[in-house]
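Notes to accompany the following structure.
The values are calculated or read from the model by the stated rules, or taken from the named source; none is laboratory data. Everything numeric in this text was worked out from a predicted model, so none of it was measured. Every residue, glycine as well, gets a Cβ built from its backbone with ideal geometry; the counts of neighbours run over all protein chains shown. What goes into the accessible areas is simple: the full protein's heavy atoms, side chains included, and nothing from ligands, DNA or RNA. Shrake-Rupley method; radii C 1.70, N 1.55, O 1.52, S 1.80 Å.
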Amino acid sequence: MTRMFRKPAVWAVAAVLAVGLAFGLYWFQPWKLLTSKTVNDAAPAVVSTGVTPSPGSPSGGAPSPSAVAVLLAEGKLVTHEHDSSGTAQLVRLPDGRHQVILRDLATSDGPDLRVWLTDQPVLPGRAGWHVFDDGKHVELGRLKGTHGTQVYDVPANVDPTQLRSVTIWCARFKVSFAAAPLEA
C-alpha cells in the first residue's frame, strides 16, 4: 500500500479527484437542499381593481383606494424544477410604483436564485423549465427566502403591464424553480 502512494500517477489522480470534488461542491451546493429561510416582508394592503364602494358610503367600509395598493394581476406558482407553491401578485402602490409580492411562498433553496418578471408564458412541467431567458426579463433581485411573503420592487423604468409572468430563476443552472402567470 505504501509503495502505491510513492507513484506520481497516484498523486496526480488524487489531486484531480480533489479538485473535481471541490468544484462539484461549489457548483452544485448540495447542502442548500437541506436549508430553508423564512422571510415575511411587510406587504402593502391590496384591493382588486374590481372593488367598488357600496351606495351611500364614500368607501363602503373598504380601505380608501388611495391608501392601498391596487392589484393589477396575480397567479398561482406552477412547479418546475423544484416543488413550489404560493401566489405572485403585481400591484401598483399609491405613489405609482409597482411591486411583485410572493405570498405564502414555499420552495427549495438553491444556488443563485433570482426573481424575474418575464414576457414568456408559463408552461407546466419540463416544457416550462428553460423558457424564461428566451425573451425579455427583468431581474427584481435575489430570492430573499424559501418561505413566507416577500416584496420586490419593480424598477421605475419598467412597464410591468408588458410582462406576463414571474419566475423563481436559478441563474447558475438557467432553470426555473417555479413560475406564475400574471392574469388580471
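Some notes on this structure:
- Matching residues in segment 100-111 - criterion: being open to solvent by 20 Å² or more (accessible area, probe 1.4 Å) and modelled with pLDDT of 95 or more: Arg103, Asp104, Ala106
- Within the set Thr35, Thr52, Thr79, the sole residue that is modelled with pLDDT of 90 or more, closer than 28 Å to Asp104 by Cβ and of a type in the set (Val, Ile, Thr) turns out to be Thr79.
- So Asp83, is it part of a loop (DSSP other than H, G, I, E, B) and either open to solvent by 40 Å² or more (accessible area, probe 1.4 Å) or without any contact (Cβ under 8 Å) to a residue 40 or more places away in the chain (or both): yes
- Residues in segment 150-179 that are under 24 Å from Leu93 (Cα atoms) and open to solvent by 20 Å² or more (accessible area, probe 1.4 Å): Asp153, Pro155, Ala156, Asn157, Val158, Asp159, Thr161, Gln162, Arg164.
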